[in-house]
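The values are calculated or read from the model by the stated rules, or taken from the named source; none is laboratory data. Bear in mind that the values here come from a model prediction, so they are computed numbers and not experimental data. Positions of Cβ are backbone-derived with ideal geometry, glycine not excepted, and every protein chain shown enters the neighbour counts. To get the accessible areas, we keep the full protein, side chains included, count just its heavy atoms, and leave off ligands, DNA and RNA. Shrake-Rupley method; radii C 1.70, N 1.55, O 1.52, S 1.80 Å.
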Amino acid sequence: MTGPAPPARRRPRPDSRGPRPNRPAQRRAADPARRAAYDLLRAVEERDAYANLTLPALLRERGLAGRDAAFATELGYGTLRATGTLDAILARCADRPLDALDPEVLAALRLGTYQLLRTRVPAHAAVSATVDLAPRRAAGFVNAVLRRVARQGWDSWVSTIAPPLAADPLGHLAVRYAHPKWVAAAFHDALGGDLAETEAALAADDRRPETHLVARPGRISRDRLAALSGGEPGPWSPYAVRLSGGGDPGALAPVRDGRAGVQDEGSQLTALALAAVPLDGPDRTWLDLCAGPGGKATLLGCLAAGPAGVAEAAAPIRVLAVEKAAHRARLVAAATGGLPVDVIQADGVVPAWRPGSFDRALLDAPCTGLGALRRRPEARWRRRESDLPRLTRLQRSLLRSALAAARPGGVIAYVVCSPHPAETREVLSDVLADGTADQLDARPLFPGVPDLDDGPQVQLWPHRHGTDAMFCALLLRR
Ligand SMILES: C[S@@+](CC[C@H](N)C(=O)[O-])C[C@H]1O[C@@H](n2cnc3c(N)ncnc32)[C@H](O)[C@@H]1O
């Protein structure tokens, strides 16, 4: 194999159950942390749920906190991240194809394998706790498969199932760091073919990310937010606070009342870069072409409102926030209430505005999200390389629309949360070939941020900057 295959898809079959145990299983009620992790896996598989939205709700509902919550998170998110490699191991240990197993059995096996190979849980506890979780009828099967898994450690399994490093370095790293190979190849390409740095980038996706907050300008100072949240000021955005501990940021008073929000520091930097480009001529109309759920629109709205949170009478700035999906447009409206932001539900490629009418335009385009894999544990296995043509076509259309919306001399930020070259430099070079815009050197608009390579665009990275892998290019309309 050349990289972990996508996880086995659900294919329930009536005859797919594991053998009945040949003696009555000694089963206890599964412990609550493992039960929560198991239920998370089931929700992601069965309902296509987002893990980062589902798990906090599960923990709250079941009253899990402290060590139990941390253990459930480690097991649930860890298993989701590693699923492709766990399945490749399980395929060597089960006597039938994984897609022929009941989904409940497969979820238990993944969870057990993760505990055996990636945590310090003693093997006997990992096996017996997993048997407790699995459907009763499959207890013997689960027990037998996990005992086979436990015969080797993670490194040994990687050597068994991955292609040799020397023969197929990306295939090997993809298995070791549990990424689809096409994702590893995209990182490698974006990093100029540097294998050691590709390994660092893949490894960073498995480290627990810090939560980043934005102290919304005019509403709360960063120092006050840091004091209230127990976080540390972010290194580059004047509004960022980084929280290293766990916990639910949504429970913080400034987040609940909208003075602050949860927003990656890299995301903040892209909106700030757009707002900071020096412009000749007027600077009164800003556009956010893909605004939902409203993180950047809110930051832009706060900047537009001015330092005191009140638009300056001499040069009031208004932001038009456009979002195609109705429910996301409602989120933008809720987030930007009280700010000089008008929200419309519209397709960004079908202009509902006069061409050439905006001084600044942000296109934070729909993308694969490969830049935020550490925050979305299941995403790497859900995305398919075949998603790219549809997305990159849309990105090109939206970028052309953003350029047409800007006035001559106006500035456009093209932003994606992905380092995939097809979504970054290829979209950009195609659209720049139209001759309607010139690219600015974006690096000076990210003051103090190190390791920005040769420009003119900026690519942030989790392993370099501790931010999501945001891409930002700044274009000046001819
Ligand atoms: C990457 S997200 C934007 C994130 C947002 N800027 C923020 O910071 O919260 C992309 C958004 O574009 C929206 N979208 C997709 N196609 C669109 C289109 N043709 N026109 C406008 N919005 C679109 C999606 O619904 C999604 O909300």
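Things worth noting here:
- Hits in the range 391-431 (condition: assigned to a strand (DSSP E or B) and open to solvent by 10 Å² or more (accessible area, probe 1.4 Å)): 407, 408, 409
- Looking across the range 289-306 at every residue that is of a type outside the set (Gly, Ala, Ser), part of a helix (DSSP H, G or I) and open to solvent by 10 Å² or more (accessible area, probe 1.4 Å), the one that is farthest from the ligand (Cβ to nearest atom) is identified as 303.
- If the condition is being in contact (Cβ under 8 Å) with a residue 24 or more places away in the chain and open to solvent by less than 50 Å² (accessible area, probe 1.4 Å), then the range 32-46 contributes 33, 34, 36, 37, 38, 40, 41, 42, 44, 45.
- Reported count of residues in the range 213-223, each being farther than 15 Å from residue 256 by Cα and of a type outside the set (S, T, N, Q), is 4.
- Of the residues making up the range 249-264, just one is buried (at least 19 other Cβ atoms within 10 Å of the Cβ), in a helix (DSSP H, G or I) and more than 21 Å from the chain's Cα centre (by Cα), namely 254.
- Residues being more than 30 Å from residue 463 (Cα to Cα), part of a loop (DSSP other than H, G, I, E, B), of a type in the set (Asp, Glu) and under 21 Å from the mean Cα position of the chain (by Cα) - total across the range 321-378: 0
- Test: residue in the range 432-449 that is surrounded by fewer than 18 Cβ atoms within 10 Å (Cβ to Cβ), touching a Phe, Trp or Tyr at 6+ places or on another chain (Cβ under 7 Å) and farther than 26 Å from residue 322 by Cα: yes
- Members of the range 171-224 found to be open to solvent by 20 Å² or more (accessible area, probe 1.4 Å) and among the polar types (S, T, N, Q), listed by number: 211, 221
- Residue in the range 456-463 that is assigned to a strand (DSSP E or B) and under 30 Å from residue 78 (Cβ atoms) present: yes
- Residues located in the range 366-382, provided they are within 15 Å of the ligand (Cβ to nearest atom) and in contact with a Leu (Cβ under 7 Å, 6 or more places away or on another chain): 366, 367, 368, 379
- Residues of the range 154-167 that are open to solvent by 30 Å² or more (accessible area, probe 1.4 Å) and touching a residue at least 12 places away in the same chain (Cβ under 8 Å): 160 alone.
- In the range 360-395, the residues that are among the hydrophobic types (A, V, I, L, M, F, W, C) and free of Cβ contacts under 8 Å to residues at least 12 places away in the same chain: 379
- Cβ pairs under 6 Å, 6+ apart, first in the range 340-359 and open to solvent by less than 30 Å² (accessible area, probe 1.4 Å), second more than 10 Å from the ligand (Cβ to nearest atom) and of a type in the set (Val, Ile, Thr): 341/319; 358/285; 359/285
- Candidate set from the range 315-363 (those that are among the small types (Gly, Ala, Ser), in contact with a helix residue (DSSP H, G or I) (Cβ under 8 Å, 6 or more places away or on another chain) and more than 19 Å from residue 395 (Cα to Cα)); member that is farthest from the ligand (Cβ to nearest atom): 356
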